[in-house]
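Participant: Encoded as structure tokens, here's the structure I'll be asking about.
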Amino acid sequence: MKLRIKGNSLRYRVGRSELAKFVDSGRIEDTIYFASEQESRLVYAMEHRPDIRSVTLLYRSPEIAIALPTEAVTRWAESNEVGIYAAIDLGFRGQLELLIEKDFACLDLSDADNIDTFPNPNLGTVC
């Protein structure tokens, strides 16, 4: 799973096997360490639950998790939809944009860089 943070947005990109695991298990996560100490980490995760109706952000230091309705995840995984998108109201701080997307193969990278990605829908098109 890839995490991109830019301004007030979080973008998660998941590969094919990660999406399959996510659908089956209900949760995937990864961790980045910033130093050798255990507490110098950030855990980023996605989970889905049948009891929620909208995309939610769960922040429990040192973890950020995006919680999604199971129905939306199932529909997304079984379709050609690129992603699930939501905005979380932060009050006077604006909005936090959440983007959860399938990780597509890059057209200009080697096969090794495209392992476990989804086929790029633009493959074979002329720019």
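All of the numbers you see were taken from the coordinates with simple rules; none came from a lab. This structure is a prediction, so every number in the text was calculated from the model and none was measured. A quick note on method: Cβ atoms are made from the backbone with ideal geometry, for glycine too, and the neighbour counts reach across all protein chains shown.
Participant: Based only on other Cβ atoms within 10 Å, what is the fewest-to-most ordering of Leu98, Leu42?
Facilitator: Least crowded to most crowded, the residues run Leu42, Leu98.
Participant: Here's another thing I want to ask about it. From a point 7 Å beyond the Cα of Ile88 in the direction of its Cβ, which residues of segment 21-41 have a backbone N at a distance under 15 Å?
Facilitator: No residue passes the distance filter.
Participant: For segment 2-114, count the residues as N, evaluate 2.2 N^0.38 Å, and divide the Cα radius of gyration by that value, please.
Facilitator: Here the Cα radius of gyration is 1.12 times the empirical estimate.
Participant: Rounded to whole Å, give me the distance from the Cα center of segment 56-71 to that of segment 1-48.
Facilitator: 10
Participant: Let me ask another. Starting at the first residue of segment 68-81, write each ³J(HN,Hα) from the Karplus equation 6.51 cos²θ - 1.76 cosθ + 1.60 with θ = phi - 60°, in whole Hz, x for Gly and Pro.
Facilitator: So the J values, rounded to whole Hz, are 10, x, 4, 4, 5, 5, 4, 4, 5, 5, 8, 10, 8, 4.
Participant: Could you work out the local net charge near Glu47, counting Lys and Arg as +1, Asp and Glu as -1, over the other residues with Cβ closer than 10 Å to its Cβ?
Facilitator: That works out to +1.
Participant: Give the residue list of GluC sites (Glu not before Pro) in segment 1-100 that are DSSP loop and have at most 11 other beta-carbon atoms within 10 angstrom.
Facilitator: Here the GluC sites (Glu not before Pro) that fit, given the DSSP loop and packing criteria, are Glu37, Glu39, Glu78.
Participant: For labels at Asp51 and Asn80 in the simple 7 Å Cα→Cβ model, what's the distance in nm?
Facilitator: 3.7
Participant: Considering only the other residues whose Cβ falls under 13 Å of the Cβ of Asn80, what net charge follows from Lys and Arg at +1 and Asp and Glu at -1?
Facilitator: Combined, the nearby Lys, Arg, Asp and Glu give -1.
Participant: Where does the charge balance sit around Gly26 when Lys and Arg score +1, Asp and Glu -1, over other residues with C-beta under 9 Å from its C-beta?
Facilitator: With Lys, Arg at +1 and Asp, Glu at -1, the neighbours total 0.
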